[in-house]
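Participant: Below is one structure. I have some questions about it.
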Amino acid sequence: MTVFAEPSPTATALLLLGRGSDADSERGVDCPGDLPAPSDPDLVARATAAKEALGERLFILGHHYQRDEVIQFADVTGDSFKLARDAAARPGAEFIVFCGVHFMAESADILTTPEQRVILPDLAAGCSMADMAVLSQVEQAWELFEAEGIADQVVPVTYMNSSAAIKGFVGRHGGVVCTSSNAKRALTWAFEQGQKVLFLPDQHLGRNTAVLEMGFTLDDCVLYDPHKRDGGLTSDQLAGARMILWRGHCSVHGRFSLDCVNEVRERIPGVNVLVHPECRHEVVTAADYVGSTEYIIRTVEAAPAGSAWAIGTELNLVRRLANRHPDKTVSFLDRTVCYCSTMNRIDLPHLVWALEELVAGRVPNVITVDPQTAHYARVALDQMLALPAQ
Ligand code: 13P
Ligand code: SF4
């Protein structure tokens, strides 16, 4: 049986406070401008004034994992896919300020018109999971599949949480993008196109969907480690596999453990455990409910007053749900703090700085995807949009 082992740190680990940029990764750079001090008592008034001055020219998107101080200025909130669609639905807005992380801003750039500018208030807001699949590594894996004579059987599927370069690779090779809410549909489609799937970059979403929702076994899944020769796999393993899982994971959701689930069940009798499918297989298996960020929000909203929930996802969202539903007990699944540190890079000083730059006629931190990459990434994104409803 294939046993899951936690990945070792990758060579491309996120450079949180790094200087200089790396076009091949989500590594960020420092903010180039003069940021207002976090203690400035006028930050809310300044953001409000700048937003008013920009009016309809501006559209602010806020991911559910963003801080409250930022979310209060978002015109719409959502998960990564919903936000990309929302951006595409506002062709009149000149500036899309994306309060989220780099791969989301890239997707927004791909889905908006060439005239629209997508702005990420802090370029250091990358994603460690997206960084775990670099284009050159994926090309090397594909060369291995070709050498093993299986490339024509493999359909690549990438999670939305990947760079535009990876989405472009997937589009060039007849694959599809998926999100946590449509992963089963995307995999069902992919298995109609070929016998095997290469699932990038989140091994957990791939494994959980294949095993818990589609009837595959753990033995049908193998783990491709880009830091090992031939991915650490033998020819027999590749020949026998149905799901070739990329060895990537989310550093936030990967923290939740089976102990957390057992501990919370003891601490809060009758608690419902609700987790995101980016959590490890044993956590998802032990939970009562599993689903995307939007599913988590809907489930808590629909729950009866007096019910108790322990939620395994990013802490900003869990806190917001707890505040919004005081008639329910909403707890964080882990007892230790677990924000997404890169999502948290976008704070009110960065938002104020970006908005005031726009008011001054300067366009800061523009995220652009080169036309060829954007073309093929869009092929994979459009394939996702065309998936049949289930
Ligand atoms: P969604 O935005 O698709 O829910 O993904 C969760 C996540 O980890 C975002 O970075
Ligand atoms: Fe990336 Fe995980 Fe943070 Fe989402 S929560 S941006 S997947 S590190």
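Participant: Over all directions, what mean area does the Cα convex hull of region 292-390 project, stated in square nanometres?
Facilitator: Values: hull surface 41.5 nm².
So the Cα hull casts an average projection of 10.4 nm².
Participant: Excluding same-chain residues fewer than 8 positions from LYS196, which aspartates and glutamates have a Cα within less than 15 Å of its Cα?
Facilitator: Partners found: GLU146, GLU148, ASP152, ASP219, ASP220, ASP236.
Participant: Among the DSSP beta bridges whose two residues both lie in the chain, what percent are antiparallel, rounded to the nearest 5?
Facilitator: Working: 1 of 37 bridges.
Within the chain, antiparallel bridges account for around 5 percent of the total.
Participant: Right, something else. Cβ under 11 Å from ASP220's Cβ, ASP220 left aside: what net charge do those residues give with Lys, Arg +1 and Asp, Glu -1?
Facilitator: Values: positive: LYS196, ARG207, ARG242; negative: ASP219.
Value of the local net charge: +2.
Participant: Between ASP40 and ARG229, what is 0.36 nm times their sequence separation minus the Cα-Cα distance? Round to one decimal in nm. Walk me through the intermediate numbers first.
Facilitator: Values: separation 189, 0.36 × 189 = 68.04 nm, distance 5.19 nm.
Here the segment from ASP40 to ARG229 would lengthen by 62.8 nm.
Participant: Label points 7 Å out from Cα along the Cβ direction at ASP259 and GLU52: separation in nm?
Facilitator: Those two pseudo-labels are separated by 5.2 nm.
Participant: If I build a Gaussian network model for the chain, linking alpha-carbon pairs within less than 10 angstrom, which residue out of THR313, THR299, THR234 has the largest mean-square fluctuation?
Facilitator: THR234
Participant: Which whole-number percent is the relative contact order of the chain (Cα, under 8 Å, 6+ apart)?
Facilitator: Numbers: 789 pairs, mean separation 83.8, N = 390.
About 21 percent, as a whole number.
Participant: Related question: Quick one: grab the alpha carbon gyration tensor of the chain, order the square roots of its eigenvalues as a ≥ b ≥ c, and give me rounded if a/c is under 1.5, else prolate or oblate depending on whether a/b is larger than b/c. Intermediate results must be reported in sequence, preceding the final value.
Facilitator: Numbers: a/c = 1.82, a/b = 1.23, b/c = 1.48.
Note, shape of the chain comes out oblate.
Participant: Going by amide H atoms built from the backbone, whose H comes under 5 Å of the H on VAL155, apart from near neighbours?
Facilitator: Placed amide hydrogens put LYS196, VAL197, LEU198 under 5 Å from VAL155.
Participant: At most 12 other Cβ atoms within 10 Å and a DSSP loop assignment: could you name the GluC sites (Glu not before Pro) in region 177-277 that fit? It would help to have the intermediate numbers written out before the result.
Facilitator: Values: sites: GLU192, GLU213, GLU263, GLU266; in loops: none.
Passing sites in region 177-277 do not exist.
Participant: How much length, in nm to one decimal, is gained on full extension between GLU192 and GLN372, taken as 0.36 nm per residue of separation minus their Cα-Cα distance? Kindly include the intermediate steps, with their values, before the conclusion.
Facilitator: On the way: separation 180, 0.36 × 180 = 64.80 nm, distance 2.73 nm.
That works out to 62.1 nm of additional length.
Readers should treat all values here as calculations from the given coordinates under stated rules, not as data from a laboratory. Please read these numbers as outputs of a predicted model, since none were measured by experiment. Please note: Cβ atoms are built from the backbone with ideal geometry, for glycine as well, and neighbour counts cover all protein chains shown.
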